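Quick notes on the structure that follows.
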Amino acid sequence: MFRGSSTHILDDKGRFVIPARFRDYVRASGGDVLMITRMDGTLFAYPLNEWNKIENRIMSLAEKSDSLRRFRRVFVGGAYECSWDKQSRVLIPPALRQYAQLEKDIVLVGVQEHFEIWSQPNWEKENETMEKDMQQVEVRNEIAKLGL
């Protein structure tokens, strides 16, 4: 599972070094390939075996509504297969870098079966939003239901 977060730097070509703990999990999942796609203004990176599970779930539901078909087009159709080089660098395609506003400073955030790739400024905004959300009673009650 992917857990924790860490800051990284994109090089001039749009590559970052995948941390060993993430790389080891991807390899243990059966390969050295990440599927990277876009959602919520950030990028989602999945090991290939997890991506296949998600893609199958999406495809089984995709004909249910117009919005799910659109989601499929963007989420699956916009995904890229990315492997790392001998220096453990992953190249993020330009279209995805542009979508997520990735320039230099990025944050990798482990979210169990995938990790997210955020621009540093957008990650800071996300944390600020969470802090504001925590001021709402409804949000605190939802979290309390988790036993936290």
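A short reminder: the numbers here are calculations on the coordinates, not readings from a lab. Because the structure is predicted, anything quoted here is derived from the model rather than measured. Here Cβ is always computed from backbone atoms with ideal geometry, including for glycine, and neighbour counts include all displayed protein chains.
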Taking 80-90, 15-25, 127-137 and ranking on average Cβ neighbours within 10 Å, highest first, one gets 15-25, 80-90, 127-137
The residues Ser29, Ser60, sorted from fewest to most surrounding Cβ atoms within 10 Å, come out as Ser60, Ser29
Can you run phi through the Karplus equation (6.51, -1.76, 1.60; θ = phi - 60°) for segment 3-17 and list ³J(HN,Hα) in whole Hz, with x for Gly and Pro?
9, x, 9, 7, 8, 8, 10, 7, 7, 4, 8, x, 9, 10, 8
Using a Förster distance of 25 angstrom, determine the FRET efficiency expected from the C-beta separation of Tyr80 and Glu131, and round it to 0.05.
0.15
Amide H neighbours of Val76 under 5 Å, counting only residues 5+ apart in sequence or on other chains, H built in-plane at 1.01 Å?
none
For the chain, restrict the atom set to alpha-carbon positions and state the Rg and Dmax in Å.
16.4, 49
Per-residue ellipticity at 222 nm attributable to helices in the chain (runs of n ≥ 4 DSSP H, -39500 (n - 2.57) apiece, nearest 500 deg cm²/dmol) works out to -12000 deg cm²/dmol
Going fewest to most other Cβ atoms within 10 Å around each Cβ, Phe75, Phe44 line up as Phe75, Phe44
